[in-house]
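Read the structure below first, then the notes.
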Amino acid sequence: MAEQGRLAGRVAIITGAARGQGEAEARLFVAEGARVVLTDVLADEVTAVAASLGDAAAAMAHDVSEEAAWAEVVALATERFGGVDVLVNNAAIHRIRPLLDETSEDLHRILDVNLVGAILGMQAVVPAMEARRGGSIVNISSLAAQSGFWGHGAYAAAKWGLRGVSRVAAVELGPLGIRVNSVYPGMVDTAMLPPAGDPGTDAARTAHLPLGRVGQPSEVAETVLYLASDASSYVTGAELVIDGGSNAGRVPPGVR
């Protein structure tokens, strides 16, 4: 474990940490001195990631929608590392389906994982954070919570909900010394990014972005690190967008 770093001495829980953004966050956190509990429903994969990080990391198979499982995650962080300072609600599931084709069962599953799971996580860590006189919660939302995207009805419902509850949590938990912020990734190179085809297709789908490319999980991780660290000690209720400029506007065809 690193003796120095922007998260030296901190203990973090990161959900959905078997791959993609969660894995990138876990690796960066450990490099910056944190001890991290990584959780995911992909038990073998998250265990392998934690093992690669050494004694500063522990893994647990974890469905964020199960309330009892959250108590076990917090217990592991406390028993193994001494408490909880940071929670990154990163776990999510994604599906593209027209709203009129949505089913009640599938809708509830997306809401349970992407929204209810994050709320359960916030509830679970508060006592442990209070015991350490504060903490930081980072909720990973989506650009789909800032605009409308075709086929994202269920996903957007969950992420817009997470946007709202993050603000409420910032207000309610601020007096306890707990900061709550949210991050809004756009097109990021993870398993959730719908596959393109040939390189020409890849270029076409990013041509409208001011930065003209897909983002990397490491770039999201750096923003999450900022919100988890003392560098953002006066930041709560904030919404940080990481989208290559998509929200700013579109680059006209033929410019690049």
Exercise. Take the alpha carbon gyration tensor of the stretch 100-239, find the square roots of its eigenvalues, order them as a ≥ b ≥ c, and report rounded if a/c is under 1.5; if not, report prolate when a/b exceeds b/c, else oblate.
Key: oblate
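Before rounding to the nearest 500, sum -39500 (n - 2.57) across all DSSP H runs of length at least 4 in the chain and divide by the residue total; then give [θ] at 222 nm in deg cm²/dmol. Please list the in-between numbers first.
On the way: 8 runs with 101 residues, N = 256.
After summing the helix terms and dividing by the residues of the chain, the value is -12500 deg cm²/dmol.
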Exercise. Summarise the long-distance tail of P(r) for the chain by giving the % of C-alpha pairs beyond 31 Å.
Key: 22 percent
Exercise. Read phi for every residue in the stretch 159-166 and hand back ³J(HN,Hα) as whole Hz from Karplus 6.51 cos²θ - 1.76 cosθ + 1.60, θ = phi - 60°, with x for Gly and Pro.
Key: 6, 5, x, 5, 4, x, 5, 5
Quiz item: When Rg is the radius of gyration of the Cα atoms in the stretch 95-143 and Rh is its Kirkwood radius, what does Rg/Rh come to?
Solution: 1.17
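How big is the Rg/Rh ratio for the stretch 56-104, C-alpha atoms only, Rh by Kirkwood, two decimals? All intermediate terms of the calculation are to be shown ahead of the outcome.
Details: Rg = 15.6 Å, Rh = 13.4 Å.
Ratio value, two decimals: 1.16.
For the stretch 9-131, what is the charge dipole size about the Cα centre, in debye to the nearest 20, if Lys and Arg each add +1 at the Cβ and Asp and Glu each add -1 at the Cβ? Let's see the in-between values first.
Values: 8 positive and 19 negative charges, 73 e Å.
Computed charge dipole of the stretch 9-131: roughly 360 debye.
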Self-check item: Cα radius of gyration and Dmax for the stretch 2-58 (Å)
Solution: 10.1, 31
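Roughly how many debye, to the nearest 20, is the charge dipole of the stretch 74-136 about its Cα centre, given +1 on each Lys and Arg Cβ, -1 on each Asp and Glu Cβ, and no other charges? Could you put the intermediate results ahead of the total?
Working: 6 positive and 8 negative charges, 56 e Å.
The dipole of the stretch 74-136 has a size of about 260 debye.
Place a +1 charge on the Cβ of each Lys and Arg in the chain and a -1 charge on the Cβ of each Asp and Glu, then give the dipole magnitude about the Cα centre in debye, rounded to the nearest 20.
On the way: 19 positive and 29 negative charges, 158 e Å.
Here the size comes out at about 760 debye.
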Practice problem: Kindly report the accessible area of the chain per residue (heavy atoms of protein chains, probe 1.4 Å, no ligands, DNA or RNA), in Å². | Solution: 46 Å²
Self-check item: Positive-pole candidate from Leu120, Ala158, Leu107, dipole of the stretch 90-166, charges at beta carbon
Solution: Leu120
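At a 10 angstrom cut-off on C-beta neighbours, averaged per residue, how do the peptides 6-14, 130-138 rank from highest to lowest?
Details: 6-14: 23.0, 130-138: 19.1.
Packing order, densest peptide first, comes out as 6-14, 130-138.
The values are calculated or read from the model by the stated rules, or taken from the named source; none is laboratory data. Quick caveat, the model's predicted, so the values are computed rather than measured. Cβ sites come from the backbone with ideal geometry, for glycine too, and all protein chains shown count toward neighbours. The area values use the complete protein model at the heavy-atom level, side chains included, leaving out ligands, DNA and RNA. Shrake-Rupley method; radii C 1.70, N 1.55, O 1.52, S 1.80 Å.
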